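Data block below; observations after.
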Amino acid sequence: MSSEKAKFGTKMGLIAATVGSAVGLGNVWRFPAVAQQNGGAAFLLIYIGCVFLLGIPVMMSEFAIGRGGHSNAIGSFRKLAPGSLWWVTGLLGILASYLILSYYMVVSGWTMEYFVHSVTGFLYDGHTPAGDNAVYVDKMNTLIRGDVQPVVWTFIMLILNLVILLKGVNKGIERMSNILMPVLFVLLLAFCIFALHMPKAADGLEFFLKPDFSKVTGSTFIAALGQAFYSLSLGMGILLTFAAYYPQDTKLTRTATTVASLDFLVAFLMGIIIFPAVKSFGLDADPEALQGTTLVFVTLPEVFNQMPLPHLWSALFFLLLGIAALTSTISLAEVSISLVQDRLKLTRLKSVLVVVLPLFVLSSINSLSLGRWSDITIFGKTIFDALDYVTSNVMLPLCALFACLFVGWRMKGDFLRRQMTNYDSMTSPMYPVIRATIRYVAPVLILTIMLSSLLK
C-alpha cells in the first residue's frame with residue numbers, strides 16, 4: 001500500500017467535491033423558514049454578510065490546517081503543533097462528523113424513499129384537498145417513523161456510500177462530484193423556471209426579494225450567523241480533510257470564495273423555488289409549512305399534487321435532495337476514513353469497512369429512536385434529536401473556535417500568509433483582513449452562536 005496522500009486530480013473536481021460537502025439538506029431544511037421569519041431579503045442581505053464575515057475566514061482556517069498539515073484531522077494538528085494537545089480539536093471534529101453521519105444517513109434514506117415512492121405513485125395514491133395536509137402527514141409518519149422501511153432505505157444509502165467510497169478519492173469522491181453537482185444545479189434551474197410560471201410567483205418573489213427590515217432584530221443576526229456556519233459545514237473536519245487532498249498550487253482564498261458563493265447560490269435558488277410555490281397554493285399562512293421535515297415531506301408534496309405531472313416534479317425534487325444528501329454523507333464519512341488510513345495504515349478497502357459497517361447499527365438506532373424506541377430519551381430528547389443538538393450546538397462551534405484560535409494565535413504569523421500565498425509564490429491582498437478576522441472577529445461570533453443556541 002502506498003503511503004502517499006491522495007490528491008484531487010483537477011480544479012473542477014476539487015471545487016465540485018468541496019461544494020458537494022457543503023451543499024446539503026440544510027440549504028433546504030432550514031433556510032426558507034429562517035428567511036420567512038426574519039424579513040425575507042432583509043435576512044438574505046445579512047446572511048451574505050455573515051458568509052463573508054464568518055464563513056470564509058473559518059473556512060480558510062480549516063483549509064490552512066489541512067493543507068499545511070497534509071494529513072487527517074488529528075494528524076494535521078500533530079504535525080503543525082507536535083507535543084501539544086491541539087490534536088484534540090481534530091478528534092472533536094472527527095467525532096462530531098461521525099455522530100452527524102449516523103443520523104444524517106437516516107435522513108438521506110428518507111429522501112431516496114420519497115424519490116422511489118414518487119416514481120411508483122405511492123405518494124399520490126390518495127387525493128387531499130388544498131389546505132388539508134393530513135394525508136401527507138400520515139404518509140410522512142408511515143415512511144419515516146416506521147420500524148422497517150426507514151431502516152431499509154438507510155441501509156440502501158449506506159451501501160451506495162460504500163460503493164463510492166471504496167473507489168477512493170479520485171475515482172470515487174471526485175468523479176461522483178463531477179457528475180452529481182452539475183446535475184444538482186441543472187435540476188435547481190429547472191425548478192426555478194417552473195416556479196416562476198406559477199400563479200402567484202410574483203408574490204413569492206416579492207416576499208423573498210423585497211426586504212422587510214421591520215422584522216430584523218438581534219435574533220436575525222444570530223440566525224444569519226448560524227445559517228452561514230452550518231450551511232458551510234464548518235467545524236466538521238470535512239474542509240480540513242479535503243484540504244489535505246489539495247495540490248500545493250491550489251488558491252485557497254479563491255477556493256473558499258467559490259465554495260461559499262455556490263453554497264449560497266443553492267440556498268438562494270431554493271428560495272426562488274419554494275416561496276412562489278407556497279404563495280401560489282396558499283400554504284404560507286401556516287407557520288409550520290416551511291419548517292424542516294414539514295416543508296420537505298408534507299408541504300412540498302402537497303404543492304406537487306396540485307401541479308401538472310405531480311409524480312414527475314416530486315421525483316425530480318427528491319432526486320435533487322438525494323444528490324445533496326449523498327455528497328454530504330460521502331464527505332462526512334471521508335473524515336473518519338482518512339484518519340483510519342493514516343493512523344492504522346490500513347488499505348482503502350479495510351478503512352472504508354471499519355468506518356461504514358458500524359453505521360448499519362448506529363444509524364438503525366437513530367432511525368428507530370423516531371419510532372419504536374421514541375420513549376428512550378436523553379434529557380427529554382430522542383436519541384436522534386439529542387445527537388443533533390449536541391453536535392450542532394456544542395461540538396461543531398467548539399471545533400471551529402479552536403481551529404480559529406490555532407491558526408490565529410498558536411501558529412506563527414507567517415503560517416497563514418504562506419498558505420494564502422502558496423508559499424510566497426503569489427500575492428494575497430486579503431491576508432491582513434482574513435488574519436484579523438480569524439484572530440478577533442470569528443471567535444466572538446462563534447461563541448455568540450454557541451451561547452445563543454444553548455440558551456434558547
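The values are calculated or read from the model by the stated rules, or taken from the named source; none is laboratory data. All values derive from a computational prediction rather than experimental measurement. Note: ideal-geometry Cβ built from the backbone for every residue, glycine included; neighbour counts use all protein chains shown.
Below, the figures for the structure above:
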read-out: Looking only at the stretch 361-389, and only at residues there that are in a helix (DSSP H, G or I) and touching a strand residue (DSSP E or B) at 6+ places or on another chain (Cβ under 9 Å), the one that is surrounded by the most Cβ atoms within 10 Å (Cβ to Cβ); value: N366
read-out: Selection count, the stretch 183-201, where residues are in contact (Cβ under 8 Å) with a residue 24 or more places away in the chain and exposed (fewer than 14 other Cβ atoms within 10 Å of the Cβ); value: 3
read-out: Residue selected from the stretch 196-227 under the condition at pLDDT 90 or above and of a type in the set (G, A, S), by the criterion nearest to W313 (Cα to Cα); value: A201
read-out: Qualifying residue in the stretch 25-38 (condition: in a helix (DSSP H, G or I), modelled with pLDDT of 90 or more and closer than 27 Å to A403 by Cα); value: no
read-out: Residue match in the stretch 124-135 (condition: in a loop (DSSP other than H, G, I, E, B) and of a type in the set (V, I, T)); value: yes
read-out: Selected residue (only one of P397, P308 is farther than 25 Å from D147 by Cα and in a loop (DSSP other than H, G, I, E, B)); value: P308
read-out: Search result, residues across the stretch 406-430 that are among the aromatic types (F, W, Y) and modelled with pLDDT of 95 or more; value: F406, W409, F415
read-out: Yes/no for S328 being more than 24 Å from I179 (Cβ to Cβ) and hydroxyl-bearing (S, T, Y); value: no
read-out: Positions within the stretch 404-417 being surrounded by fewer than 17 Cβ atoms within 10 Å (Cβ to Cβ) and either in contact (Cβ under 8 Å) with a residue 40 or more places away in the chain or of a type in the set (K, R) (or both), in sequence order; value: R410, K412
read-out: Condition met for S97 (closer than 29 Å to S61 by Cα, surrounded by fewer than 23 Cβ atoms within 10 Å (Cβ to Cβ) and polar (S, T, N, Q)); value: no
read-out: Subset of the stretch 328-343 that is closer than 15 Å to I74 by Cα and hydroxyl-bearing (S, T, Y) - its residue that is surrounded by the most Cβ atoms within 10 Å (Cβ to Cβ); value: S338
read-out: Candidates S61, S118 - the one that is under 27 Å from D138 (Cα atoms) and either touching a residue at least 40 places away in the same chain (Cβ under 8 Å) or surrounded by 20 or more Cβ atoms within 10 Å (Cβ to Cβ) (or both); value: S118
read-out: Tabulated pairs, the stretch 128-139, first of a type outside the set (V, I, T) and at pLDDT below 75, second in a loop (DSSP other than H, G, I, E, B) and surrounded by 11 or more Cβ atoms within 10 Å (Cβ to Cβ), C-beta under 7 angstrom, 6+ apart or interchain; value: A130/F281; A130/G282; A130/Q306; G131/G282
